[in-house]
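Heads up, the thing below is written out as C-alpha coordinates.
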Amino acid sequence: MRILLRSVLVLAVTIVLLVVEVTVLPHLSLPAAVPDLVLLAVLAFASAWGTTGGAVCGFAAGLILDLAPPSVTAIGRHALVLAMVGGLAGRAAREIKRSALRTSLLAGVYAFAATGLNALLGVALGEGAGLSRPGLVTAMAATAVYTAIATPLVVPGVAALARWAAGPRADVLAPVGNSVREPTLASPAATSPGLLPETERA
(Lines give C-alpha, C1' and ligand atoms only; values in the text may rest on other atoms or scores of the structure.)
Protein backbone atom coordinates (compact mmCIF):
# COMPACT_ATOMS: atom_id res chain seq x y z
CA MET A 1 0.00 0.00 0.00
CA ARG A 2 2.82 2.39 0.85
CA ILE A 3 4.55 1.60 -2.45
CA LEU A 4 1.37 2.41 -4.38
CA LEU A 5 0.94 5.66 -2.42
CA ARG A 6 4.53 6.67 -3.15
CA SER A 7 4.13 5.86 -6.84
CA VAL A 8 0.96 7.95 -7.13
CA LEU A 9 2.63 10.81 -5.25
CA VAL A 10 5.69 10.82 -7.53
CA LEU A 11 3.46 10.71 -10.61
CA ALA A 12 1.16 13.50 -9.43
CA VAL A 13 3.91 15.84 -8.19
CA THR A 14 6.02 15.33 -11.32
CA ILE A 15 3.12 16.04 -13.68
CA VAL A 16 2.01 19.15 -11.77
CA LEU A 17 5.53 20.61 -11.60
CA LEU A 18 6.21 19.73 -15.24
CA VAL A 19 3.04 21.55 -16.33
CA VAL A 20 4.06 24.59 -14.28
CA GLU A 21 7.60 24.47 -15.68
CA VAL A 22 6.41 24.24 -19.30
CA THR A 23 3.36 26.51 -19.28
CA VAL A 24 3.82 29.08 -16.51
CA LEU A 25 7.53 29.74 -16.06
CA PRO A 26 8.24 30.69 -19.71
CA HIS A 27 5.88 33.66 -19.26
CA LEU A 28 8.29 35.07 -16.66
CA SER A 29 10.72 35.74 -19.53
CA LEU A 30 13.75 34.68 -17.51
CA PRO A 31 16.95 34.92 -19.56
CA ALA A 32 18.59 31.73 -20.81
CA ALA A 33 16.63 29.13 -18.79
CA VAL A 34 13.93 28.36 -16.22
CA PRO A 35 14.13 26.60 -12.83
CA ASP A 36 14.23 22.80 -12.97
CA LEU A 37 11.19 22.08 -10.79
CA VAL A 38 11.15 18.33 -11.50
CA LEU A 39 14.72 18.05 -10.27
CA LEU A 40 13.67 19.83 -7.07
CA ALA A 41 10.90 17.28 -6.59
CA VAL A 42 13.43 14.45 -6.96
CA LEU A 43 15.67 16.18 -4.44
CA ALA A 44 12.78 16.41 -1.97
CA PHE A 45 11.80 12.77 -2.41
CA ALA A 46 15.41 11.66 -1.97
CA SER A 47 15.75 13.65 1.26
CA ALA A 48 12.84 11.68 2.72
CA TRP A 49 13.33 8.25 1.13
CA GLY A 50 17.12 7.89 0.98
CA THR A 51 19.49 6.75 -1.76
CA THR A 52 17.47 3.89 -3.25
CA GLY A 53 14.15 5.71 -3.03
CA GLY A 54 15.70 8.83 -4.51
CA ALA A 55 17.19 6.94 -7.44
CA VAL A 56 13.93 5.11 -8.15
CA CYS A 57 11.75 8.21 -8.01
CA GLY A 58 14.35 10.09 -10.07
CA PHE A 59 14.19 7.42 -12.75
CA ALA A 60 10.37 7.51 -12.71
CA ALA A 61 10.23 11.31 -12.90
CA GLY A 62 12.79 11.33 -15.71
CA LEU A 63 10.82 8.72 -17.62
CA ILE A 64 7.73 10.95 -17.38
CA LEU A 65 9.81 13.79 -18.85
CA ASP A 66 11.00 11.51 -21.67
CA LEU A 67 7.46 10.44 -22.54
CA ALA A 68 5.68 13.78 -22.07
CA PRO A 69 4.90 15.56 -25.37
CA PRO A 70 6.43 17.30 -27.21
CA SER A 71 9.64 15.57 -26.06
CA VAL A 72 11.97 14.65 -28.91
CA THR A 73 14.80 13.18 -26.83
CA ALA A 74 15.63 9.50 -26.57
CA ILE A 75 13.56 7.63 -24.01
CA GLY A 76 15.65 7.10 -20.90
CA ARG A 77 17.84 10.16 -21.27
CA HIS A 78 16.21 12.25 -18.55
CA ALA A 79 15.49 9.09 -16.56
CA LEU A 80 19.20 8.27 -16.33
CA VAL A 81 20.16 11.81 -15.35
CA LEU A 82 17.51 12.18 -12.66
CA ALA A 83 18.15 8.69 -11.30
CA MET A 84 21.76 9.74 -10.69
CA VAL A 85 20.60 13.00 -9.11
CA GLY A 86 18.17 11.12 -6.85
CA GLY A 87 20.81 8.65 -5.74
CA LEU A 88 23.35 11.38 -4.95
CA ALA A 89 20.74 13.49 -3.19
CA GLY A 90 19.73 10.51 -1.09
CA ARG A 91 23.32 10.09 0.07
CA ALA A 92 23.41 13.79 0.97
CA ALA A 93 20.04 13.69 2.73
CA ARG A 94 21.57 14.70 6.06
CA GLU A 95 23.10 17.80 4.46
CA ILE A 96 19.79 18.65 2.83
CA LYS A 97 17.98 18.53 6.15
CA ARG A 98 20.63 20.60 7.94
CA SER A 99 19.84 24.06 6.57
CA ALA A 100 17.81 25.78 3.87
CA LEU A 101 20.90 27.51 2.47
CA ARG A 102 22.77 24.23 2.00
CA THR A 103 19.72 22.72 0.36
CA SER A 104 19.54 25.59 -2.13
CA LEU A 105 23.25 25.37 -2.88
CA LEU A 106 23.05 21.61 -3.43
CA ALA A 107 20.03 22.07 -5.67
CA GLY A 108 21.96 24.57 -7.77
CA VAL A 109 24.92 22.22 -8.08
CA TYR A 110 22.68 19.30 -9.07
CA ALA A 111 20.84 21.44 -11.62
CA PHE A 112 24.12 22.63 -13.15
CA ALA A 113 25.48 19.08 -13.40
CA ALA A 114 22.19 17.61 -14.66
CA THR A 115 21.92 20.17 -17.46
CA GLY A 116 25.48 19.47 -18.56
CA LEU A 117 25.09 15.70 -18.34
CA ASN A 118 21.85 15.84 -20.31
CA ALA A 119 23.62 17.77 -23.06
CA LEU A 120 26.51 15.29 -23.11
CA LEU A 121 24.09 12.39 -23.43
CA GLY A 122 22.41 14.21 -26.32
CA VAL A 123 25.75 14.51 -28.11
CA ALA A 124 26.60 10.85 -27.41
CA LEU A 125 23.23 9.72 -28.81
CA GLY A 126 23.64 11.86 -31.91
CA GLU A 127 20.87 14.27 -30.94
CA GLY A 128 23.20 17.21 -30.35
CA ALA A 129 23.42 19.49 -27.36
CA GLY A 130 20.84 21.90 -28.78
CA LEU A 131 23.02 24.91 -27.95
CA SER A 132 26.43 26.26 -28.81
CA ARG A 133 29.15 25.85 -26.21
CA PRO A 134 28.84 29.41 -24.82
CA GLY A 135 25.05 29.11 -24.87
CA LEU A 136 25.19 25.79 -23.05
CA VAL A 137 27.40 27.17 -20.29
CA THR A 138 25.07 30.16 -19.90
CA ALA A 139 22.04 27.87 -19.76
CA MET A 140 23.73 25.62 -17.17
CA ALA A 141 24.61 28.58 -14.96
CA ALA A 142 21.16 30.17 -15.32
CA THR A 143 19.39 26.89 -14.54
CA ALA A 144 21.54 26.44 -11.44
CA VAL A 145 20.80 29.93 -10.13
CA TYR A 146 17.06 29.82 -10.83
CA THR A 147 16.73 26.32 -9.37
CA ALA A 148 18.56 27.37 -6.21
CA ILE A 149 16.24 30.35 -5.81
CA ALA A 150 13.13 28.20 -6.35
CA THR A 151 14.25 25.55 -3.85
CA PRO A 152 12.47 26.97 -0.75
CA LEU A 153 9.23 27.18 -2.74
CA VAL A 154 9.23 23.50 -3.75
CA VAL A 155 11.41 21.24 -1.60
CA PRO A 156 9.88 21.72 1.89
CA GLY A 157 6.32 21.05 0.74
CA VAL A 158 7.19 18.04 -1.43
CA ALA A 159 9.46 16.63 1.30
CA ALA A 160 6.59 16.90 3.80
CA LEU A 161 4.33 14.96 1.43
CA ALA A 162 7.07 12.36 0.95
CA ARG A 163 7.48 11.87 4.70
CA TRP A 164 3.71 11.50 5.05
CA ALA A 165 3.66 8.87 2.31
CA ALA A 166 6.52 6.99 3.98
CA GLY A 167 4.50 6.70 7.19
CA PRO A 168 5.80 6.39 10.75
CA ARG A 169 9.13 4.62 11.03
CA ALA A 170 11.73 4.14 13.71
CA ASP A 171 14.90 6.21 13.67
CA VAL A 172 17.84 3.94 13.01
CA LEU A 173 20.61 6.47 13.47
CA ALA A 174 20.85 8.48 16.66
CA PRO A 175 21.91 12.15 16.47
CA VAL A 176 25.59 12.90 16.78
CA GLY A 177 26.67 12.78 20.42
CA ASN A 178 23.51 10.99 21.46
CA SER A 179 24.18 7.32 20.89
CA VAL A 180 21.50 4.73 21.45
CA ARG A 181 21.78 3.29 24.93
CA GLU A 182 22.28 -0.42 25.39
CA PRO A 183 19.20 -2.27 26.64
CA THR A 184 19.23 -2.98 30.37
CA LEU A 185 18.86 -6.62 31.18
CA ALA A 186 16.63 -7.46 34.11
CA SER A 187 18.18 -9.38 36.97
CA PRO A 188 17.01 -12.92 37.74
CA ALA A 189 15.37 -11.60 40.91
CA ALA A 190 13.19 -9.30 38.84
CA THR A 191 12.13 -11.98 36.39
CA SER A 192 11.87 -15.13 38.51
CA PRO A 193 8.80 -15.38 40.76
CA GLY A 194 10.65 -17.44 43.39
CA LEU A 195 13.57 -15.03 43.78
CA LEU A 196 13.62 -11.69 45.55
CA PRO A 197 16.23 -8.91 45.46
CA GLU A 198 18.70 -8.74 48.33
CA THR A 199 16.95 -5.71 49.84
CA GLU A 200 13.61 -7.47 49.97
CA ARG A 201 14.81 -10.69 51.59
CA ALA A 202 14.14 -11.23 55.30
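The values are calculated or read from the model by the stated rules, or taken from the named source; none is laboratory data. Please read these numbers as outputs of a predicted model, since none were measured by experiment. Cβ placement follows ideal geometry from the backbone for every residue including glycine, while neighbour counts extend to all protein chains displayed. Keep in mind that these areas ignore ligands, DNA and RNA; they rest on the heavy atoms of the full protein, side chains included. Shrake-Rupley method; radii C 1.70, N 1.55, O 1.52, S 1.80 Å.
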**Asked** Largest first, what is the accessible-area ranking of 11, 40 with a 1.4 Å probe?
**Response** 11, 40
**Prompt:** Which ³J(HN,Hα) values in Hz, rounded to whole numbers, follow from the phi angles of the stretch 44-53 under the Karplus curve 6.51 cos²θ - 1.76 cosθ + 1.60, where θ = phi - 60° and Gly and Pro get x?
**Reply:** 5, 4, 5, 5, 9, 10, x, 5, 5, x
**Prompt:** Can you give the accessible area of residue 14, probe radius 1.4 Å, in Å² rounded to 10?
**Reply:** 0 Å²
**Item:** Estimated vicinal HN-Hα couplings, Hz - the stretch 36-42 in sequence order (Karplus 6.51, -1.76, 1.60; Gly, Pro = x)
**Value:** 8, 5, 5, 4, 5, 5, 4
**Prompt:** Can you work out the FRET efficiency for the pair residue 138 and residue 51, with r the C-beta to C-beta distance and R0 = 25 Å, to the nearest 0.05?
**Reply:** 0.20
**Request:** Give the accessible area for residue 84 in Å² (nearest 10); use a 1.4 Å probe, count only protein heavy atoms, and leave out ligands, DNA and RNA.
**Result:** 100 Å²
**Item:** Hz values of 3J(HN,Hα) by residue in the stretch 107-122 - Karplus curve (6.51, -1.76, 1.60), Gly and Pro given as x
**Value:** 4, x, 5, 4, 5, 4, 5, 5, 5, x, 5, 4, 5, 5, 5, x
**Prompt:** Based on the Cβ-Cβ distance of residue 28 and residue 67, what FRET efficiency does E = 1/(1 + (r/R0)^6) give at R0 = 30 Å, to the nearest 0.05?
**Reply:** 0.70
**Fill in**
Quick calc, residue 125 & residue 99: beta-carbon distance into FRET formula, R0 30 Å, rounding 0.05, result 0.20
**Accessible-area value, residue 75, 1.4 Å probe, nucleic acids and ligands omitted, Å²** = 120 Å²
